[in-house]
Amino acid sequence: QAVAQVIDRGAIANKVYGSTAEPLYSLIPSGITSHTNSFFNKYGEPSVAGAAQTLEKAGISTPVKFTLHYTTDHYGPATKAEYETLAKQLNASKLFEVDVEGTPWDKYRPAQKKGEYAVFGMGWFPDFPDPDTYIAPFLDEGNFLGLPYKSTEAQKTLIPQSRREADRSAATPAFEKLQNIVADDVPVLPVWQGKQYVASLDELTGVEWAVNSSADLQLWELARGMS
């Protein structure tokens, strides 16, 4: 929770990724049905004072020391700068003392699955265009990260409830509650989401539908005609 209060997502996205990324305040990204800015709604703008109060109430002495692990070769060359920027923000607060350690993916992923990293970064690409693909892989029992996090409400009630809704808009209340649970408990901390751009000639139509929410290129949406 204190980390969530300190980090400046906008600064990280702008400094490292420029116009290709934007701040993310929920597991479900903006532009996807059921998205809500759960982290911003709970924590607001970055606040070192607020983070200090959170740690004090929890009886945690400062600085909190930990190593932030990331993979050096799986998500691109900007990953190193991203995690160094994140650590710099945390260290500047004087509430944390964070080291950064990079590891090649072929060693990183097995070590992460074994639980060798207390704090680590991971990217995510959706499997299909539905809010569930951003929630269940992180929160459900037997999730792909192997997280020890438990939430009876999320795992036994809300996730199954959301999957029973054939009308996906009807699953929004369950997904909103799930996003709020993540902001409250912070088993994972979303930082940024990528932006998608499509360049085209003026005479092409359907460009706005050419890339779906799973980042799949839908060439059948394109046609020649008056724009």
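The values are calculated or read from the model by the stated rules, or taken from the named source; none is laboratory data. Just so we're clear, the structure is a prediction, and the values are computed from it rather than from any experiment. Cβ atoms come from the backbone with ideal geometry, glycine included; neighbour counts cover every protein chain shown.
One line per residue, one yes/no per condition, for (1) surrounded by 13 or more Cβ atoms within 10 Å (Cβ to Cβ); (2) within 28 Å of Tyr17 (Cα to Cα); (3) free of Cβ contacts under 8 Å to residues at least 40 places away in the same chain:
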site: Ser169; (1), (2), (3): no, no, no
site: Ala174; (1), (2), (3): yes, no, yes
site: Asn180; (1), (2), (3): yes, yes, no
site: Pro190; (1), (2), (3): yes, yes, no
- Item | Flag for Tyr108 being in a helix (DSSP H, G or I), at pLDDT 95 or above and surrounded by 19 or more Cβ atoms within 10 Å (Cβ to Cβ) | yes
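Would you call Ala11 more than 13 Å from the chain's Cα centre (by Cα), surrounded by fewer than 19 Cβ atoms within 10 Å (Cβ to Cβ) and closer than 18 Å to Asn91 by Cα?
The answer is yes for Ala11.
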- Item | Residues being of a type in the set (A, V, I, L, M) and surrounded by fewer than 16 Cβ atoms within 10 Å (Cβ to Cβ) - total across the stretch 49-61 | 3
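Find the residue count for the stretch 61-74, including only residues that are over 22 Å from the mean Cα position of the chain (by Cα) and either closer than 20 Å to Gly123 by Cβ or without any contact (Cβ under 8 Å) to a residue 40 or more places away in the chain (or both). Quick ask: steps written out before the conclusion?
Of all residues in the stretch 61-74, those over 22 Å from the mean Cα position of the chain (by Cα) come to 61-65.
Keeping just the survivors that are either closer than 20 Å to Gly123 by Cβ or without any contact (Cβ under 8 Å) to a residue 40 or more places away in the chain (or both) gives 61-63, 65.
Total meeting the criteria: 4.
Condition check ((1) loosely packed, with under 15 Cβ neighbours inside 10 Å; (2) touching a helix residue (DSSP H, G or I) at 6+ places or on another chain (Cβ under 9 Å); (3) among the hydrophobic types (A, V, I, L, M, F, W, C); (4) within 30 Å of Thr103 (Cβ to Cβ)) across all residues:
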| residue | (1), (2), (3), (4) |
| --- | --- |
| Ile7 | no, yes, yes, yes |
| Ser19 | yes, no, no, yes |
| Tyr25 | no, yes, no, yes |
| Gly31 | yes, no, no, no |
| His35 | no, yes, no, no |
| Gly44 | yes, yes, no, no |
- Message: Taking the conditions exactly as written (closer than 30 Å to Ala171 by Cβ, at pLDDT 95 or above and not hydroxyl-bearing (Ser, Thr, Tyr)), does Asp132 satisfy them or not?
- Response: yes
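Conditions tested, residue by residue: (1) more than 19 Å from the chain's Cα centre (by Cα); (2) outside the structural domain of Thr54 (by TED's automatic domain parsing); (3) in a loop (DSSP other than H, G, I, E, B).
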| residue | (1), (2), (3) |
| --- | --- |
| Pro129 | no, yes, yes |
| Tyr134 | no, yes, no |
| Pro148 | no, yes, yes |
| Ala154 | no, yes, no |
| Leu158 | yes, yes, no |
| Ala174 | no, yes, no |
| Val188 | no, no, yes |
| Asp202 | yes, yes, yes |
| Ala215 | no, yes, yes |
- Please find, within the stretch 183-202, the residue that is modelled with the lowest pLDDT out of those that are in contact with a helix residue (DSSP H, G or I) (Cβ under 7 Å, 6 or more places away or on another chain) and of a type in the set (Gly, Ala, Ser). Ser200
